[in-house]
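The values are calculated or read from the model by the stated rules, or taken from the named source; none is laboratory data. Note that the structure is a prediction, hence the values are computed from the model and not measured. Cβ atoms come from the backbone with ideal geometry, glycine included; neighbour counts cover every protein chain shown.
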Amino acid sequence: MSAGEDAPATKLVHAGRRPEWTHGVVNPPVYRASTCLFETLDAYEAASRNPDAGLYYGRRGTPTQWSLAEALTEMEPGAAGTHLFPSGVAAIAAALIASTSTGDHVLMADNVYEPTRAMAKAILARSGIETEFYNPLICADIAALIRPNTRVIYLESPGSLTFEVQDVPAIAALARARGVLTILDNTWATPLLFPAIRRGVDLSVQSLTKYVVGHSDAMMGSVTAAPDAWPTFRNTALRLGQTAAPDDSALALRGLRTLAVRMERHGKTALALAEVLSNHPAVDRVICPALPGDPGHALWKRDFSGYASLFAIVLKPGDRKALAACVDGLRHFGMGFSFGGYESLVLPVQPLRTATRWQTDGPMLRIHCGLEDAQDLIADMNAGLDRYLS
Ligand SMILES: *Cc1c(COP(=O)(O)O)cnc(C)c1O
């Protein structure tokens, strides 16, 4: 199959479904395995010489995990391979650990996912790796921050909670020319909306927990690597003992098949709700790069093939009681972490910054639009914001 010529939505259906893995059914079976048996001494010795040739030991996966990993690689044109992890944070940790050594300098966007920041400050720092946080809107000016010992530029775009859009292609090109590795947290967009490896990134990280699993019932992560970065990354991930459960991999594979239709619906609803909320008197500001007035709009339009489910609103100043009246009475928006599931979520958030300033007068809410009817979500959130004012 010439997968390279198919549209992404078509690829999502076919990717990773090798006949030798599926044995005539549509999906690969769930292989629950630690031990894999070798029929003969010859087979055992051959497998030991080349453990990638087939089944070897559960930690290296079975056709269930291979199918998901291959499908994710196919979704990133230009990528050499994908390694699976038990969570998105585990994937981020492996990407950072595989790419750095004592004495290195890491440039990290100031709007990264909070646990990523914590990892840099605790784990990397303990190994003598310095992390410098940079303004996510820096674009090509990041060149001035690159030192002789800069090893990694870590990006997240749009950024967690505040959705700044970075000029990923420009930064990736500039980094590559200087021998600096780029790691992108691509969870918000997935490769469907932003094929990161094609845009020049070396390691594309996803929390599969979000859109790929898509049903809030499993946690997983992945790192997809460009050809130059793949061998080192994969060896490190294996040495770290990172592996993903077969049952969870099957759930992620199931989610992946419907990603295109879900993302289209998520994006449409998010945009509709964002537009309505920008006119509500309780709202000071809507942060959503799909809206023409947003500072990230031009880059988002240039680089992304659609919108995801997430945006944020900053409310006019109000007290905690008003905020509680707003969120506690919502019927369709549950309050909780994560996003990408079929159900809508709302979360009061307080972005943490060290290199730049982030200040709002009123509280801030992150909103994930699920697959409910858009008009029901709009009515529910409008009513919540009316309660905030009353
Ligand atoms: C949720 C999330 C992660 C972490 O993923 P888990 O699967 O929850 O460990 C990483 N990056 C971003 C942007 C996320 O939203």
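Residue-wise test of (1) within 16 Å of the ligand (Cβ to nearest atom); (2) surrounded by fewer than 21 Cβ atoms within 10 Å (Cβ to Cβ).
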position: Met119; (1), (2): yes, yes
position: Ile129; (1), (2): no, no
position: Leu145; (1), (2): no, yes
position: Gly159; (1), (2): yes, no
position: Val168; (1), (2): yes, no
position: Val180; (1), (2): no, no
position: Ile183; (1), (2): yes, no
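Suppose we keep only residues that are of a type in the set (Ser, Thr, Tyr) and closer than 17 Å to Val89 by Cβ within the range 218-246. Which one would you say is surrounded by the most Cβ atoms within 10 Å (Cβ to Cβ)?
Thr224
This table checks each residue for (1) surrounded by fewer than 18 Cβ atoms within 10 Å (Cβ to Cβ); (2) in a helix (DSSP H, G or I); (3) modelled with pLDDT of 95 or more; (4) of a type in the set (D, E, K, R).
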{"residue": "Ser216", "(1), (2), (3), (4)": "no, no, yes, no"}
{"residue": "Asp248", "(1), (2), (3), (4)": "no, yes, yes, yes"}
{"residue": "Ala252", "(1), (2), (3), (4)": "no, yes, yes, no"}
{"residue": "Arg262", "(1), (2), (3), (4)": "no, yes, yes, yes"}
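Evaluate the following for Val314: is it within 22 Å of the chain's Cα centre (by Cα), surrounded by 15 or more Cβ atoms within 10 Å (Cβ to Cβ) and in a strand (DSSP E or B)? Break it down stepwise before answering.
Values: within 22 Å of the chain's Cα centre (by Cα): no; surrounded by 15 or more Cβ atoms within 10 Å (Cβ to Cβ): yes; in a strand (DSSP E or B): yes.
No.
Run Thr187 past the list (1) within 14 Å of the ligand (Cβ to nearest atom); (2) over 21 Å from the mean Cα position of the chain (by Cα); (3) among the β-branched types (Val, Ile, Thr) and report the number of the one that doesn't hold.
It is condition (2) that Thr187 fails.
Where residues in the range 2-43 are assigned to a helix (DSSP H, G or I) and of a type in the set (S, T, N, Q), which of them is nearest to Phe304 (Cα to Cα)?
Filtering the range 2-43 down to residues assigned to a helix (DSSP H, G or I) leaves 3-5, 8-14, 19-22, 41-43.
When the remaining residues are screened for being of a type in the set (S, T, N, Q), the result is 10, 22.
Numbers: Thr10: 18, Thr22: 33 Å.
Restricting to residues being assigned to a helix (DSSP H, G or I) and of a type in the set (S, T, N, Q), the top hit is Thr10.
Taking the range 204-232, which residues are touching a helix residue (DSSP H, G or I) at 6+ places or on another chain (Cβ under 6 Å), away from the ligand (no atom under 11 Å from the Cβ) and of a type in the set (Gly, Ala, Ser)?
Within the range 204-232, Gly214, Ala225 meet the criteria.
Kindly provide the set of residues from the range 49-64 that are touching a residue at least 60 places away in the same chain (Cβ under 8 Å) and in a helix (DSSP H, G or I), ordered by number. Outline the logic, then answer.
Just the residues of the range 49-64 that are touching a residue at least 60 places away in the same chain (Cβ under 8 Å), to begin with: 58-62, 64.
Within the range 49-64, Gly58, Arg59, Arg60, Thr64 qualify.
Away from the ligand (no atom under 16 Å from the Cβ) and touching a residue at least 24 places away in the same chain (Cβ under 8 Å) - does that describe any residue in the range 106-116? Please lay out each step first, then the result.
First, the residues of the range 106-116 that are away from the ligand (no atom under 16 Å from the Cβ): 106-107.
Those left that are additionally touching a residue at least 24 places away in the same chain (Cβ under 8 Å): 106-107.
Yes, the conditions are met somewhere in the range 106-116.
Which pairs turn up if I take residues in the range 228-254 that are farther than 20 Å from Thr190 by Cα and look for partners that are surrounded by fewer than 16 Cβ atoms within 10 Å (Cβ to Cβ) with beta carbon separation below 6 Å, at least 6 apart in sequence or on another chain?
The qualifying pairs are Thr243/Arg59; Pro246/Arg32.
Tell me whether the range 81-93 contains one or more residues that are more than 11 Å from the ligand (Cβ to nearest atom) and more than 17 Å from the chain's Cα centre (by Cα). Spell out how you get there, then give the answer.
Initial filter on the range 81-93 (more than 11 Å from the ligand (Cβ to nearest atom)): 81-84.
Of the ones still in play, those that are also more than 17 Å from the chain's Cα centre (by Cα) are none.
Among the residues of the range 81-93, not one is more than 11 Å from the ligand (Cβ to nearest atom) and more than 17 Å from the chain's Cα centre (by Cα), which makes the answer no.
Every residue in the range 164-183 that is farther than 18 Å from Pro289 by Cα and either outside the structural domain of Asp104 (by TED's automatic domain parsing) or in contact with a Ser or Thr (Cβ under 6 Å, 6 or more places away or on another chain) (or both), please.
Step one: of the range 164-183, the residues farther than 18 Å from Pro289 by Cα are 170-183.
Once the filter is applied, which keeps residues that are farther than 18 Å from Pro289 by Cα and either outside the structural domain of Asp104 (by TED's automatic domain parsing) or in contact with a Ser or Thr (Cβ under 6 Å, 6 or more places away or on another chain) (or both), the range 164-183 yields Ala172, Ala175, Val180, Leu181.
Quick test for you: out of Gly78, Gly103, Gly61, pick the one residue that is buried (at least 22 other Cβ atoms within 10 Å of the Cβ), small (Gly, Ala, Ser), more than 16 Å from the ligand (Cβ to nearest atom) and over 16 Å from the mean Cα position of the chain (by Cα).
Values: Gly78 fails: buried (at least 22 other Cβ atoms within 10 Å of the Cβ); Gly103 fails: buried (at least 22 other Cβ atoms within 10 Å of the Cβ).
The conditions single out Gly61.
Return the pair list, or none, for Cβ contacts closer than 7 Å from residues in the range 182-208 that are in contact (Cβ under 8 Å) with a residue 24 or more places away in the chain and assigned to a helix (DSSP H, G or I) to residues that are of a type in the set (A, V, I, L, M, F, W, C) and within 13 Å of the ligand (Cβ to nearest atom), at least 6 apart or on different chains.
Note: pairs meeting the criteria are Thr190/Val212; Leu193/Ala308.
Which one of the conditions (1) touching a Lys or Arg at 6+ places or on another chain (Cβ under 7 Å); (2) without any contact (Cβ under 8 Å) to a residue 40 or more places away in the chain; (3) not in a helix (DSSP H, G or I) does Pro148 fail to meet, given that it meets all the rest?
So the condition that Pro148 fails would be (1).
What residue, among those in the range 303-333 that are of a type outside the set (S, T, N, Q) and within 16 Å of the ligand (Cβ to nearest atom), is nearest to Arg199 (Cα to Cα)?
Initially, the range 303-333 is screened for residues of a type outside the set (S, T, N, Q), giving 303-304, 306-308, 310-333.
Checking which are within 16 Å of the ligand (Cβ to nearest atom) leaves us with 304, 307-308, 310-312.
Numbers: Phe304: 11, Tyr307: 18, Ala308: 19, Leu310: 22, Phe311: 23, Ala312: 26 Å.
Result: Phe304.
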